[in-house]
Amino acid sequence: MPIDNLCKYLVTKYPQRFASWILRRIITSPVEVLKTELTLEPVRADSVIFLRTDEEILHLEFQVKVPTDRPMPLRMLNYWVRLYWQYGLPVR
């Protein structure tokens with residue numbers, strides 16, 4: 001933990017230098033340190049079925065009109081990550 005705290009402090013203090021080091025290129029554009037708290041908006045899946053025999057989750061989404069700001073593949077990835085994180089089972 002002490003090393004984590006030191007690294008967090010240094011990256012907050014010198015974000016441009018860290019980005020240059022990690023990306024192996026000189027970053028000359030301004031950088032901004034964003035909030036580290038990642039908020040999760042609640043989402044509701046259309047259908048989530050636990051298949052006990054196969055120990056997997058079947059996730060179904062029904063969409064008539066796809067919003068342009070949240071493409072379906074990105075939304076499905078979001079659902080997949082959340083379901084896998086919560087249940088630790090394969091998601092189909």
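The values are calculated or read from the model by the stated rules, or taken from the named source; none is laboratory data. Please read all numbers here as calculations on a predicted model, not as lab measurements. FYI the Cβ positions are ideal-geometry reconstructions off the backbone, even for glycines, and counts take in every protein chain you see. Ligands, DNA and RNA are excluded from the accessible area calculation, which covers all protein heavy atoms including side chains. Shrake-Rupley method; radii C 1.70, N 1.55, O 1.52, S 1.80 Å.
Remarks
- The single condition from (1) open to solvent by 70 Å² or more (accessible area, probe 1.4 Å); (2) more than 30 Å from V11 (Cβ to Cβ) that W85 fails is (2).
- Filter result (touching a helix residue (DSSP H, G or I) at 6+ places or on another chain (Cβ under 9 Å), open to solvent by 100 Å² or more (accessible area, probe 1.4 Å) and of a type outside the set (S, T, N, Q)) within region 29-65: P30, E32, L40
- Listed by position, the helices (runs of 4 or more DSSP H) enclosed by the chain that each have at least 1 residues that are hydroxyl-bearing (S, T, Y) and more than 21 Å from the chain's Cα centre (by Cα) are 2-13, 15-23.
- Verdict on R52 being charged (D, E, K, R) and modelled with pLDDT under 85: yes
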